[in-house]
Amino acid sequence: MALSAPLLTRKRIILVSLETTKGTVTAPATPALVFDLQINPTAPFEQRRGSGLFLGNTSPGVLGERSGQCTFKAELLGDGAHHLDAGLAILLQGCGFVKTTDTYQLANTIATQKCVSIGVSEDGVFKEIIGAMGEVTFEGQAGGRMMLNFDFKGIWIAPTDVAMPAYAPSTRAPLRMQAGTFTLATLAIKIAKFNLKMNNVVTMRGDVTGVGGIAYYLVGDYDPQVSIDPEADLVAGYDYFGAFLAGTEAAVSLVVTDATDIVTFTIPKVQYKEIKEADRGGIQIYDLTGQCNITSATVNDAVKFVVT
């Protein structure tokens, strides 16, 4: 047998699909433009260092549940017709968001969560996780791209040799942190960075009859946190520390656009957890972190974004 090495790291693509039945592969077919793509098995190795005549590993180890992880970054992309890029929309649903037309809100029940199949082709080697769900962080700096950091966990499928498939991701420019709007407590406060981390608790649903002991993955809880760096102000302008001490909640709104598609993030109740003094080129600022609270008795409205 002749070796085929080396494989080229630049020849690497990702395809995704929503699963009809959680934990049952739906052939990944929708492309996504991503960066820093990695996919690896995470099955725990269990040593079997039993009794014996010798020192060291006298018995072969075994693998535990057949888990895998896929991490990457993606740009916030529209499709030019007032929707998110199709691949991005699938990935966000795999992070616990329910998509209703072009409104995305967090799922309240396991039944409304969606698992995804993720296939990664690496110069002819096809790697895959299925029954996957993930965690996402939205982040951007003034003038730059709005980026999404994804971390998916799923059932690891043994890699196979498959020719690189057709791949035609979006060619649109990303939405950037410029020419939009930002308000905090209805005030147009200037910030230079925005970070919204969903802090999903991604949990394996164990199943002794499942592939590798796993039925699928689910999101067992959320703890969304927003971090911003507003310019400091007089107490009469906006009393950050008064709101911090009183536990006063403040609404946050961020609008980003590419002049065609507009994405509006709405966080109705942010409660400040931490405020630290900082400096931005001689401008006094606050590094502020807050938790996103729910306001509704019927839907999870802690974080919502709409594409128009």
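The values are calculated or read from the model by the stated rules, or taken from the named source; none is laboratory data. These numbers come from a predicted model, not from an experiment. Every residue, glycine as well, gets a Cβ built from its backbone with ideal geometry; the counts of neighbours run over all protein chains shown. Just the protein is used for accessible areas: all its heavy atoms, side chains included, with ligands, DNA and RNA removed. Shrake-Rupley method; radii C 1.70, N 1.55, O 1.52, S 1.80 Å.
Say whether the condition of being of a type in the set (Val, Ile, Thr) and surrounded by fewer than 18 Cβ atoms within 10 Å (Cβ to Cβ) is met by at least one residue in segment 218-229. Before you say what the answer is, go through the steps one by one.
Looking only at segment 218-229, we keep the residues that are of a type in the set (Val, Ile, Thr), and these are 219, 226, 228.
Keeping just the survivors that are surrounded by fewer than 18 Cβ atoms within 10 Å (Cβ to Cβ) gives none.
Scanning segment 218-229, I find no residue that is of a type in the set (Val, Ile, Thr) and surrounded by fewer than 18 Cβ atoms within 10 Å (Cβ to Cβ), so the answer is no.
Under 9 Å between Cβ atoms, at least 6 apart or on separate chains: pull out the pairs that start in segment 237-256 with a residue that is under 15 Å from residue 268 (Cβ atoms) and end on any residue that is charged (D, E, K, R) and open to solvent by less than 30 Å² (accessible area, probe 1.4 Å).
Correct list of pairs: empty, since none qualify.
Looking at (1) in contact with an Asp or Glu (Cβ under 7 Å, 6 or more places away or on another chain); (2) farther than 27 Å from residue 44 by Cα; (3) not aromatic (Phe, Trp, Tyr), find the lone condition where residue 163 falls short.
(1)
What are the residue pairs meeting all of these: first residue in segment 44-72, first residue within 14 Å of residue 212 (Cβ to Cβ), second residue among the aromatic types (Phe, Trp, Tyr) and loosely packed, with under 11 Cβ neighbours inside 10 Å, Cβ atoms under 7 Å, and 6 or more apart or on different chains?
If the second residue must be among the aromatic types (Phe, Trp, Tyr) and loosely packed, with under 11 Cβ neighbours inside 10 Å, the pairs left are 63/45.
Pick out the one residue from 290, 220, 282 that is within 20 Å of residue 91 (Cβ to Cβ) and either under 22 Å from the mean Cα position of the chain (by Cα) or without any contact (Cβ under 8 Å) to a residue 12 or more places away in the chain (or both). Give the steps one after another, and end with the answer.
Values: 290 fails: within 20 Å of residue 91 (Cβ to Cβ); 282 fails: within 20 Å of residue 91 (Cβ to Cβ).
Selected residue: 220, the only one of 290, 220, 282 that is within 20 Å of residue 91 (Cβ to Cβ) and either under 22 Å from the mean Cα position of the chain (by Cα) or without any contact (Cβ under 8 Å) to a residue 12 or more places away in the chain (or both).
May I ask you to list pairs of residues, at least six apart or on different chains, whose Cβ atoms are under 8 Å apart, with the first in segment 179-193 being touching a residue at least 60 places away in the same chain (Cβ under 8 Å) and in a strand (DSSP E or B) and the second being open to solvent by 80 Å² or more (accessible area, probe 1.4 Å) and not charged (D, E, K, R)?
179/259; 181/188; 182/188
Please work out which one of (1) in contact (Cβ under 8 Å) with a residue 24 or more places away in the chain; (2) open to solvent by 30 Å² or more (accessible area, probe 1.4 Å); (3) closer than 21 Å to residue 114 by Cβ; (4) within 23 Å of the chain's Cα centre (by Cα) is the condition residue 211 fails and give its number.
The one condition residue 211 does not meet is (4).
Quick one: which of 166, 179, 185, 173 is of a type outside the set (Ser, Thr, Tyr), modelled with pLDDT under 95 and on the phi > 0 side of the Ramachandran plot?
Working: 166 fails: on the phi > 0 side of the Ramachandran plot; 185 fails: modelled with pLDDT under 95; 173 fails: on the phi > 0 side of the Ramachandran plot.
Among 166, 179, 185, 173, only 179 is of a type outside the set (Ser, Thr, Tyr), modelled with pLDDT under 95 and on the phi > 0 side of the Ramachandran plot.
Considering only strands (runs of 3 or more DSSP E) fully contained in segment 10-75, which possess at least 1 residues that are of a type in the set (Phe, Trp, Tyr)? First the steps, then the outcome.
Numbers: elements: 12-18, 34-41, 67-75.
By residue number, 34-41, 67-75.
Suppose we filter segment 33-61 for residues that are farther than 30 Å from residue 128 by Cβ and surrounded by fewer than 11 Cβ atoms within 10 Å (Cβ to Cβ); how many remain?
Filtering segment 33-61 for residues farther than 30 Å from residue 128 by Cβ gives 49-59.
From the residues that got through so far, the ones that are surrounded by fewer than 11 Cβ atoms within 10 Å (Cβ to Cβ) too are 50-56.
Here the count works out to 7.
Please state which one of 124, 80 is under 26 Å from residue 27 (Cβ atoms), small (Gly, Ala, Ser), open to solvent by 10 Å² or more (accessible area, probe 1.4 Å) and over 14 Å from the mean Cα position of the chain (by Cα).
Values: 80 fails: under 26 Å from residue 27 (Cβ atoms).
On inspection, the qualifying residue turns out to be 124.
Within segment 289-308, track down each residue that is assigned to a strand (DSSP E or B) and open to solvent by less than 50 Å² (accessible area, probe 1.4 Å). Lay out the reasoning, then the answer.
Step one: filter segment 289-308 for residues assigned to a strand (DSSP E or B), giving 289-292, 300-307.
Hits for segment 289-308 are 289, 290, 292, 300, 301, 302, 303, 305, 306, 307.
Residues of segment 289-305 being modelled with pLDDT of 95 or more and among the polar types (S, T, N, Q), which ones?
Of everything in segment 289-305, those that are modelled with pLDDT of 95 or more and among the polar types (S, T, N, Q) turn out to be 289, 291, 293.
Right, residue 202: within 30 Å of residue 123 (Cα to Cα) and surrounded by fewer than 20 Cβ atoms within 10 Å (Cβ to Cβ) or not?
On the way: within 30 Å of residue 123 (Cα to Cα): yes; surrounded by fewer than 20 Cβ atoms within 10 Å (Cβ to Cβ): no.
Taking the combined requirement at face value, the residue does not satisfy it.
Given the residues 286, 272, 238, which is the only one that is among the aromatic types (Phe, Trp, Tyr), closer than 29 Å to residue 145 by Cβ, modelled with pLDDT of 95 or more and outside any strand (DSSP E or B)? Outline the logic, then answer.
Details: 286 fails: outside any strand (DSSP E or B); 272 fails: outside any strand (DSSP E or B).
None of the other options fit; the residue is 238.
Tell me, yes or no, whether segment 97-114 has at least one residue that is among the charged types (D, E, K, R) and in contact with a helix residue (DSSP H, G or I) (Cβ under 8 Å, 6 or more places away or on another chain). Break it down into steps so the answer makes sense when it comes.
Here is the first cut: in segment 97-114, the residues among the charged types (D, E, K, R) are 99, 102, 114.
Within this subset, residues satisfying the condition of being in contact with a helix residue (DSSP H, G or I) (Cβ under 8 Å, 6 or more places away or on another chain) are 99, 114.
Among the residues of segment 97-114, at least one is among the charged types (D, E, K, R) and in contact with a helix residue (DSSP H, G or I) (Cβ under 8 Å, 6 or more places away or on another chain), which makes the answer yes.
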